[in-house]
Amino acid sequence: MIFSGGKLLPDRELNAVIAGLEARGLSDPLSAPPLEAAVVLDALEALGRELDSGALDPLIAQYAPPGAREELERVRPQISRAALEERLALELGGLAGPRTFGRSELRPLGVLLHVAPGNMAGLPAFTAVEGLLTGNINLVKLPRGDRGLTLAVFQALARLEPRLSPYLYAFDLSSQHNGTLTALASLADGIVTWGGDGAVSAIRGLAPPGCKLIEWGHRLSFAYLSGQPPEEELAALAEHIVRTGGLLCSSCQVIYLDGESMERAAEFCEHFLPILEGAAAQRHQTLGQAAQAALYAREAALEQMVDRARSRDRFFPGRGCSITLREDPGLELSHLHGNVLVKPLPRREIIPVLRPQRGRLQTAGLICPPREREGLAALLARAGVNRITAPGHMSDALPLEAHDGEYPLRRYVRVVDIERQ
């Protein structure tokens, strides 16, 4: 399906929609005064009221994956009007105003093509909202498996505020449709791409000269434990590992232990495994969920058996989860879905071990004695980590936080300097 002009259209209208964009569909809104943030905030506030009242529950049940309502509750404070107004002030404040030569004004880039990810429900709609807040026209390539949620959100926004219709488009395309993607890219002033190295490289090849490429690539996150971790923090880390399944950039892939003893690390694994099993049991309460978790754990076990190259790995199987103790300290993806890696990493080795992943590091869930926190946080920051949180908050949105070390809204605007006459 296609979203265009505030309406859903069948895929057969694709060529006509793109031809319309190339003709007058983009030039008309671009010729008008910029979309005001207040208009967007009003629409989002009205949508939030419908969300809070339960009016959108049927839509969420129909289009969103299981667990989406819970995740919405977690991020709801960050998409309130007050939070978004604070964010606009923080990220864009001071970029415009009087200057000795005259004044500086903020303007949108113009047209943003969003190549949206599919690893988190609602993210395609959220990236478009960031474009709306900065006054841009947004062309969204939907990820495979979006299930119609983004289209439903766009419909709701257009219903609540028809003035947003010329600024929202969505296309349910395969990434293999290079011809169509090239046509959309040729219309864009900026391309917002989410994904791994292959996806980013492909988009770079599509971006025309002068088009700004805004990359939110895949990131790796981990937990770092020093001293004797409190049980409640270990429980929070286990809940995070199971809840996110390792599928988010902020998901814990490796639990690093401050030290170099494999024996001590094995003792930690034996202690942590029942905690992880408890989180899995709490999370997977239906028979189907439990069966799926058991399948993932079995796959991890089989993969471990086949990989004879890592002869010193130790595998700790659990009910619906597992732990693999690995001597190689490099940061890497875990087996996902509640199956996590544990590795010794003395703090003196943090920078040389993590530096090969520079540019890919995102979140560190830090558990340590209070007197060590500032020093370890500083060390992790020097290694390239952009977020340092409590273990249970690794995938939670923090108030007014940056995104991968940058303020996104600043990347979606340009500054126009106007000399005084």
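The values are calculated or read from the model by the stated rules, or taken from the named source; none is laboratory data. Bear in mind that the values here come from a model prediction, so they are computed numbers and not experimental data. FYI the Cβ positions are ideal-geometry reconstructions off the backbone, even for glycines, and counts take in every protein chain you see.
A few notes on this one:
- Where helices (runs of 4 or more DSSP H) sit wholly within segment 309-420, those with at least 1 residues that are out of contact with any Lys or Arg (no Cβ under 6 Å at 6 or more places or on another chain) and assigned by TED's automatic domain parsing to the domain that holds residue 73 occupy 408-411.
- Whichever residue in segment 91-113 is buried (at least 16 other Cβ atoms within 10 Å of the Cβ) and not small (Gly, Ala, Ser) and, among such residues, is nearest to residue 183 (Cα to Cα): 113
- Qualifying positions in segment 1-45 - in a helix (DSSP H, G or I), among the small types (Gly, Ala, Ser) and surrounded by fewer than 16 Cβ atoms within 10 Å (Cβ to Cβ): 16, 19, 20, 23, 27, 31, 38
- Condition broken by residue 232, with the remaining ones in (1) more than 23 Å from the chain's Cα centre (by Cα); (2) farther than 19 Å from residue 343 by Cα; (3) among the charged types (D, E, K, R); (4) surrounded by 15 or more Cβ atoms within 10 Å (Cβ to Cβ) satisfied: (4)
- Here residue 196 fulfils each of the conditions (1) surrounded by 20 or more Cβ atoms within 10 Å (Cβ to Cβ); (2) closer than 24 Å to residue 356 by Cβ apart from (1).
- Conditions (1) at positive phi; (2) touching a residue at least 24 places away in the same chain (Cβ under 8 Å): number failed by residue 210: (2)
- Matching residues in segment 1-60 - criterion: being of a type in the set (Ser, Thr, Tyr) and under 29 Å from residue 181 (Cα atoms): 4, 27, 31
- In segment 199-222, residue nearest to residue 358 (Cα to Cα) [restricted to those that are surrounded by fewer than 18 Cβ atoms within 10 Å (Cβ to Cβ) and in contact with a Leu (Cβ under 7 Å, 6 or more places away or on another chain)]: 204
- Helices (runs of 4 or more DSSP H) contained entirely in segment 138-221, each with at least 1 residues that are charged (D, E, K, R) and over 24 Å from residue 40 (Cβ atoms): 197-206
- Residues located in segment 105-126, provided they are at pLDDT 95 or above and not hydrophobic (A, V, I, L, M, F, W, C): 105, 107, 108, 110, 114
- The one condition in (1) free of Cβ contacts under 8 Å to residues at least 60 places away in the same chain; (2) surrounded by fewer than 21 Cβ atoms within 10 Å (Cβ to Cβ) that residue 162 fails to fulfil: (1)
- Flag for residue 118 being small (Gly, Ala, Ser), surrounded by 21 or more Cβ atoms within 10 Å (Cβ to Cβ) and within 20 Å of residue 65 (Cβ to Cβ): no
- Looking across segment 213-232, the residues that are in contact (Cβ under 8 Å) with a residue 60 or more places away in the chain and of a type in the set (A, V, I, L, M) come down to 214, 220, 223, 225.
- Considering only residues in segment 411-421 that are of a type outside the set (A, V, I, L, M) and loosely packed, with under 15 Cβ neighbours inside 10 Å, the one that is farthest from residue 135 (Cα to Cα) turns out to be 421.
- Enumeration of residues in segment 46-94 that are without any contact (Cβ under 8 Å) to a residue 12 or more places away in the chain, in a helix (DSSP H, G or I) and hydrophobic (A, V, I, L, M, F, W, C): 61, 82, 89
- Remark: pairs (first residue in segment 384-412, free of Cβ contacts under 8 Å to residues at least 12 places away in the same chain; second residue surrounded by 15 or more Cβ atoms within 10 Å (Cβ to Cβ); Cβ separation under 9 Å; 6+ apart in sequence or on different chains) = 398/78; 398/387; 398/389; 406/386.
- If you go through segment 74-94 and keep only what is among the charged types (D, E, K, R) and more than 12 Å from residue 401 (Cα to Cα), you end up with 74, 76, 81, 85.
- Count - residues of segment 95-137 that are in a strand (DSSP E or B) and among the β-branched types (Val, Ile, Thr): 3
- For segment 336-361, the set of residues classified as surrounded by fewer than 22 Cβ atoms within 10 Å (Cβ to Cβ) and under 21 Å from the mean Cα position of the chain (by Cα) consists of 336, 357, 358, 359, 360, listed by residue number.
- The residue that is modelled with the highest pLDDT, counting only those in segment 244-267 that are in a helix (DSSP H, G or I) and buried (at least 21 other Cβ atoms within 10 Å of the Cβ), is 265.
- Single residue of segment 364-378 satisfying the filter (surrounded by fewer than 17 Cβ atoms within 10 Å (Cβ to Cβ) and of a type in the set (A, V, I, L, M, F, W, C)) that is farthest from the chain's Cα centre (by Cα): 378
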